[in-house]
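Before any comments, here is the structure.
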Amino acid sequence: MQAILTGFLTLCALSTTLWAQEGGFDDPLLVQAVQAQSVRDYAKAQALFEEYIKDLSEEEQALYRDLAQVAFPDDLEIYRDADTEKRAELIDRFWRRLDPSPLTKANERLIEHYRRVAYARQYYGQGQFPWDDRGEVYVRFGKPDHTSKSGDIQNEMDREIQDARQNYVNRRRIALRIRPGQPIFPVPAMSWWEYWVYADLEGGTEFDFVRRGKGNRYEFAPMPEGLSLSLTTDLLAYQSEVVLRQVAAHQPSVYDADIAELPVDFYYFPAGFRGEDGATRLEIYYGLPAEEMARLPIDEKTDQVMLDRGLAMFDSLWTEVYRLQDQLTFQAPSDQQVLDGAFIPGVLAFEIEAGLHYLSFQIRDVVSGKSQVYQQSLAVSDFSQRDDLLMSDIALAFFVGPSEEQGPFQKRGLKIIPMASKAFRPDQNAFVYFEVYNLKRDEFGRTRYRVDYSFRAQEKGIAPIRALRGLGRMLRLQEKRREVVISYEQSGDTIEDTAYVELDLKDAEPGGQEVRVKVTDLLADRDVKKEIAFKIVP
């Protein structure tokens, strides 16, 4: 404890942080935790918050674990029906799902939840346990963008706040008067009041609170008495408790990750293939265009661009199944590389079980601290069974060709340089690559199958692209106004094979294109299909 208290006075003397501006904490552990959060030392912040929480009573600890103010109704129903042991597991899954940054083991969203709960307990918990109505709003949505109180009237000087209040009124059937510094909803006479405005919540939302009598307990402003039924119905749309329940039904909480956005376009896409012993080999292709890299600052010590890279994969139950954290270093691209449209390709490959997964991918510039974070759900294909004809996902590539080199782009005797942006210029090479599994052999141990490529423009008035060359013997070429179909027959002596085709982009017009691939096993009369979309850019 002594070590934790060390430096407390120094921390208090530091420049005012975002959170200190709205009110500081009394407990030294909370002061240090918030300070660590403000300087993005999230591991320390989470450790300090949890050190504080573990010394609280069980009743107080339960507030930090409770999902009532942050989870969707369906999640809450599952949580409330679970036994004690299962609830702990559900809580862990819930917060893993909301973790915004795979580059840190700390959970920034959970840290902010801890801070909000602690703040609500200290500032809105004097009148009732655990807090009054202001506390619930604060835990859900955080610090309001504007507040005004009967004892401290603050006119809205910011145009964004003015517009937010106007939008709030415009969304309702009756238009109440908007007075600067005064609540929109009619509050009882002889009461203390305050209102909070959230500019980005539903395009503008206001919550009105009142305190009647002694004490410090604020509640949502009640409906006025003596109104007609129709006016009561219309005015209910402004009543803050009704507003909160309506918003929380589809947006139970709000959190803007404290991650400065990296001002570059970073591309990635995943593709699944058969790995060892039938497992799925997931390949994450990523690309950093030279034009974008040239905008990043150079580290003075190394004279290089330095990027932290983080990837986390979770299964359908939000159990972590894969995590990578490392650092990439590059020489700054030359002016010629920028003009040539060069890019820095990369691939991450690992084996993973088939099924629904969740992916979180982050790139952070070491010098500026700015990041790009990408998150998506991902259905990972199953390649384990050996009876049916199977086909991998389709990979778009800048280059595919035979190679004996060793390296991350080497696979099955080929060098494959992916095009993560899925966007090609007419003067660039473009390839479609995939793999076929479980082909049937004839009595001589040979396989024979046909590949049909269908190229279709996604927009009217744009001609489809064409294939320049592919593997095998060409069987058919059919050209229509919006579609080109080309077929190749291939043969081999293994039940697994690779196939690719080079695309002819020379006269391609800008716009969306789609490639559909159908593989037919000519010895088993079975087929399988996949497709992928990409763009032609000027």
**Study point:** Members of region 305-357 that are at pLDDT 85 or above, out of contact with any Leu (no Cβ under 8 Å at 6 or more places or on another chain) and not in a strand (DSSP E or B)
**Key:** 317, 318, 319, 353, 354
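Within the bounds of region 171-187, is there any residue that is at positive phi, without any contact (Cβ under 8 Å) to a residue 60 or more places away in the chain and hydrophobic (A, V, I, L, M, F, W, C)?
no
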Review point. What are the residues in region 514-538 that are out of contact with any strand residue (DSSP E or B) (no Cβ under 7 Å at 6 or more places or on another chain) and of a type in the set (Asp, Glu), if any?
Key: 525
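Among the residues of region 292-322 satisfying the criterion of being among the acidic types (Asp, Glu) and closer than 19 Å to residue 281 by Cα, which is surrounded by the fewest Cβ atoms within 10 Å (Cβ to Cβ)?
320
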Check your understanding: Hey, which of the helices (runs of 4 or more DSSP H) in region 159-256, taking only ones fully inside, have at least 1 residues that are closer than 15 Å to residue 141 by Cα?
Key -> 240-250
Review point. Just checking, how many residues over region 94-153 are farther than 20 Å from residue 314 by Cβ, assigned to a helix (DSSP H, G or I) and of a type in the set (Val, Ile, Thr)?
Key: 3
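For the structure I just gave you, tell me whether residue 123 is touching a residue at least 12 places away in the same chain (Cβ under 8 Å), crowded, with 22+ Cβ neighbours inside 10 Å and more than 17 Å from residue 251 (Cα to Cα).
Values: touching a residue at least 12 places away in the same chain (Cβ under 8 Å): yes; crowded, with 22+ Cβ neighbours inside 10 Å: no; more than 17 Å from residue 251 (Cα to Cα): yes.
Spelling it out, it is not the case that residue 123 is touching a residue at least 12 places away in the same chain (Cβ under 8 Å), crowded, with 22+ Cβ neighbours inside 10 Å and more than 17 Å from residue 251 (Cα to Cα).
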Review point. Conditions: (1) within 20 Å of the chain's Cα centre (by Cα); (2) over 14 Å from residue 272 (Cβ atoms); (3) of a type in the set (A, V, I, L, M, F, W, C). Residue 398 meets all but one. Number of the miss?
Key: (1)
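Checking the conditions here, which among 263, 270 is in the same structural domain as residue 343 (by TED's automatic domain parsing), assigned to a strand (DSSP E or B), within 28 Å of residue 99 (Cα to Cα) and within 17 Å of the chain's Cα centre (by Cα)? Step through it out loud before you land on a result.
On the way: 263 fails: assigned to a strand (DSSP E or B).
None of the others qualify; the one that does is 270.
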Check your understanding: Pick from 165, 116, 159, 109: which is surrounded by 16 or more Cβ atoms within 10 Å (Cβ to Cβ), more than 23 Å from the chain's Cα centre (by Cα) and not hydrophobic (A, V, I, L, M, F, W, C)?
Key -> 165
Review point. Taking into account only those residues within region 240-291 that are more than 28 Å from residue 344 (Cα to Cα) and of a type in the set (Gly, Ala, Ser), which is surrounded by the most Cβ atoms within 10 Å (Cβ to Cβ)?
Key: 240
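Would you pick out the residues in region 68-93 that are part of a loop (DSSP other than H, G, I, E, B) and touching a Phe, Trp or Tyr at 6+ places or on another chain (Cβ under 6 Å)?
Taking region 68-93 and keeping what is part of a loop (DSSP other than H, G, I, E, B), we get 68-72, 82-83.
Correct list: empty.
Select from region 363-391 the residues that are small (Gly, Ala, Ser), modelled with pLDDT of 90 or more and in a strand (DSSP E or B) and write down the one among them that is nearest to residue 440 (Cα to Cα). Show your work before the answer.
At the first step, the residues of region 363-391 found to be small (Gly, Ala, Ser) are 368-369, 371, 377, 379, 381, 384.
Restricting the remaining residues to those that are modelled with pLDDT of 90 or more gives 377, 379, 381, 384.
Next cut, in a strand (DSSP E or B) only: 377, 379.
Details: 377: 34, 379: 27 Å.
Among those residues, the one meeting the criterion is 379.
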Review point. Residues in region 60-91 that are among the acidic types (Asp, Glu), farther than 17 Å from residue 248 by Cα and without any contact (Cβ under 8 Å) to a residue 24 or more places away in the chain: how many?
Key: 4
**Study point:** Failed criterion for residue 280 (all others in (1) more than 22 Å from residue 356 (Cα to Cα); (2) touching an Asp or Glu at 6+ places or on another chain (Cβ under 9 Å) hold)
**Key:** (1)
Point to revise | Residue check for residue 171: outside the structural domain of residue 69 (by TED's automatic domain parsing), surrounded by 16 or more Cβ atoms within 10 Å (Cβ to Cβ) and at pLDDT below 95 | key: no
Review point. Does any residue in region 323-341 that is surrounded by 14 or more Cβ atoms within 10 Å (Cβ to Cβ) come within less than 6 Å, Cβ to Cβ, of a residue that is of a type in the set (Asp, Glu) six or more places away or on a different chain, and which pairs are these?
Key: 338/291
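Answer yes or no as to whether residue 139 is under 23 Å from residue 47 (Cα atoms), in the same structural domain as residue 209 (by TED's automatic domain parsing), touching a helix residue (DSSP H, G or I) at 6+ places or on another chain (Cβ under 7 Å) and crowded, with 21+ Cβ neighbours inside 10 Å. Explain how you work it out, then say what you get.
On the way: under 23 Å from residue 47 (Cα atoms): yes; in the same structural domain as residue 209 (by TED's automatic domain parsing): yes; touching a helix residue (DSSP H, G or I) at 6+ places or on another chain (Cβ under 7 Å): yes; crowded, with 21+ Cβ neighbours inside 10 Å: yes.
In short, yes.
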Check your understanding: Taking region 48-66 as the search range and keeping residues that are in contact with a helix residue (DSSP H, G or I) (Cβ under 6 Å, 6 or more places away or on another chain) and among the aliphatic types (A, V, I, L, M), which one is farthest from residue 25 (Cα to Cα)?
Key -> 63
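The values are calculated or read from the model by the stated rules, or taken from the named source; none is laboratory data. This one's a predicted model, so the numbers in the text were calculated from it and none came from an experiment. Positions of Cβ are backbone-derived with ideal geometry, glycine not excepted, and every protein chain shown enters the neighbour counts.
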